[in-house]
């Protein structure tokens with residue numbers, strides 16, 4: 001192999017290593033910024049959402065979400081999600097991303113993790129709208145084999 005080709009390959013490997021390291025470092029810094037408040041909030045709100053009671057869930061949803069989802073739609077969504085059963089435990093929640101909301105350009109942070117329900121393991125994604133020193137639920141998603149049957 002020519003000397004120039006070796007230098008080029010070494011340069012590409014160096015650039016990729018630095019790029020990936022910077023990306024991972026940036027994610028770790030963002031995660032550390034929110035984990036102390038967001039994870040306890042998720043541990044509090046996920047059991048409440050998992051009651052599948054529309055009135056309880058409404059208490060945690062951001063006002064702009066409540067404007068876009070009718071009471072009947074929320075009831076139907078929660079009825080479908082209730083097929084995964086009763087929440088038994090919450091696994092580790094991992095920071096996924098930070099973004100801004102479409103309404104009001106507020107900060108939204110998203111976490112993903114696994115939770116054990118009576119029907120089996122479920123992947124939970126939850127996006128939280130930052131509200132001062134607390135949060136409101138902007139979005140939630142449950143992925144379970146039971147829901148795909």
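Just subtract the alpha-carbon distance of residue 7 and residue 35 from 0.36 nm times their residue separation and send over the number in nm, one decimal.
The span from residue 7 to residue 35 would gain 5.9 nm if fully extended.
Between residue 51 and residue 98, what FRET efficiency comes out of the Förster formula 1/(1 + (r/R0)^6) with R0 = 30 Å and r the beta carbon distance, rounded to 0.05?
0.60
Along the Cα-to-C-beta direction of residue 44, a point sits 7 Å from the Cα; which residues of region 125-141 have their amide N less than 19 Å from that point?
Within reach of a label on residue 44, which here means backbone N under 19 Å from a point 7 Å along Cα→Cβ, region 125-141 contributes 126-140.
From the helices alone, meaning DSSP H stretches of at least four residues, give me the mean residue ellipticity at 222 nm for the chain, per-run term -39500 (n - 2.57), in deg cm²/dmol to the nearest 500.
It lands at -15500 deg cm²/dmol.
Under the definition of Cα pairs under 8 Å and six or more residues apart, what whole-number percent is the relative contact order of region 36-148?
After rounding, I find 23 percent.
For region 36-148, what class follows from the C-alpha gyration tensor (a ≥ b ≥ c being the square roots of its eigenvalues): rounded when a/c is under 1.5, otherwise prolate if a/b is larger than b/c, else oblate?
Oblate.
Comparing 20, 112, 42, which has the greatest mean-square fluctuation in the GNM of the chain with Cα pairs linked when under 10 Å apart?
Result: 20 has the largest fluctuation of those listed.
Bear in mind these aren't lab numbers, they're just calculated from the coordinates by the rules spelled out. This is a predicted model, so every value here is computed, not measured. Ideal geometry is used to build each Cβ from the backbone, glycine not excepted, and the neighbour counts take in all protein chains shown.
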